[in-house]
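Asker: Just dropping this structure here.
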Amino acid sequence: MKSWLIGLSCLLLFGCGYGFAPQGEYIDKRIRNVYVDSFGNKTAESEVENLIRTAFINQIIQGGRFKAVPDIEKADAIISGNVLNLNTAALSYQSTVLAAEERMTAILEVDFREKETGKMIWSSRNIVGTNDYKLQDVNNPRPARREAMSKLARDTVENAYNLMMSDF
């Protein structure tokens, strides 16, 4: 009797059409190959645009709905955008005036459009991501900030990708 209930529960759960992650059902099935264009950088932080672009490429590969292509000529659609803002604020301090923990915040704008027609598939002008991190060496905060920026890029892009695939 118990196994029958478990089987019925599984059938109801998986048979109802419920999905755990958005799969971009609203996006034309003919769109398979996606090129991630270089992102613009409107911040004072160098390289952040490259981290964002790489994170988008990795997210497309992980998502499985599209194939990331290295050449725009092979693309059905293009993801592009800008890093609008990147700032860091202290969250806590040591006994001195040096920060012990910081919060890094990024703001992105992202467009996803068909290559041939230029039709906008999805767009957002205000994707915000944050990452809190500890400064291991307050005399040399650069390594911790670099690692935090990489994590911020991955997390923010994952959020943007999920929004894009959900059509939010």
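Bear in mind these aren't lab numbers, they're just calculated from the coordinates by the rules spelled out. This is a predicted model, so every value here is computed, not measured. Don't worry about glycine lacking a Cβ; one is built from the backbone with ideal geometry, like all the others, and counts go over all protein chains shown.
Asker: Against the globular-protein guess of 2.2 N^0.38 Å, express the Cα radius of gyration of the range 98-168 as a ratio, rounded to two decimals. Write down the numbers at each step before the final one.
Answerer: Working: Rg = 16.0 Å, N = 71, 2.2 N^0.38 = 11.1 Å.
Expressed relative to 2.2 N^0.38 Å, the Cα Rg reads 1.44.
Asker: Among the listed pairs 42/74; 29/74; 29/115; 42/134; 42/151; 67/115, which have their C-alpha atoms separated by more than 23 angstrom in this model? If you can, show how the numbers build up before the last one.
Answerer: Working: 42/74 28 Å; 29/74 16 Å; 29/115 14 Å; 42/134 26 Å; 42/151 20 Å; 67/115 15 Å.
Violating the 23 Å Cα-Cα cut-off are 42/74; 42/134.
Asker: Let me ask something additional. Convert 25 °C to kelvin, take the viscosity as 0.890 mPa s, use the Kirkwood radius over C-alpha pairs of the chain as Rh, and evaluate the Stokes-Einstein diffusion coefficient in µm²/s, rounded to a whole number. Don't jump to the answer; show the numbers that get you there.
Answerer: Values: Rh = 18.1 Å.
Calculated translational D: 136 µm²/s.
Asker: Another question about this same structure. If you average the sequence gap of Cα pairs under 8 Å that are 6 or more apart and divide by the length of the chain, what percent do you get for the contact order? Don't skip to the end; give the middle numbers.
Answerer: Numbers: 289 pairs, mean separation 36.3, N = 168.
Averaging sequence separation for qualifying contacts and normalising by length gives 22 percent for the chain.
Asker: Please give the charge dipole size of the chain, origin at the Cα centre, charges +1 on K and R Cβ atoms and -1 on D and E Cβ atoms. Round to the nearest 20 debye.
Answerer: Details: 20 positive and 21 negative charges, 74 e Å.
Its charge dipole is roughly 360 debye.
Asker: Report the Cα centroid-to-centroid distance between the range 43-67 and the range 111-168 in angstrom, as an integer.
Answerer: The range 43-67 and the range 111-168 have Cα centres spaced 8 Å from each other.
Asker: Additional query: Compute and list, largest first, the equivalent-ellipsoid semi-axes of the range 64-110 from the alpha carbon gyration tensor, each √(5λ) rounded to a whole angstrom.
Answerer: Numbers: eigenvalues 322, 26, 12 Å².
Calculated on Cα positions only, the semi-axes equal 40, 11, 8 Å.
Asker: Enumerate the amide H contacts of residue 76 below 5 Å, restricted to partners 5 or more residues apart or on another chain; note that Pro and chain-start residues carry no placed amide H.
Answerer: It is 32, 33, 34, 35, by chain and number.
Asker: Kindly provide the Kirkwood hydrodynamic radius of the range 41-97 in Å, to one decimal, from all pairs of distinct alpha carbon atoms. Please report the intermediate quantities before stating the final value.
Answerer: Numbers: mean 1/r = 0.0705 Å⁻¹.
So the Kirkwood estimate lands at 14.2 Å.
Asker: Treat each spin label as a single point 7 Å out from the Cα along the C-beta direction, and report the residue 50 to residue 72 distance in nm.
Answerer: Reported label-point gap for residue 50 and residue 72 is 2.0 nm.
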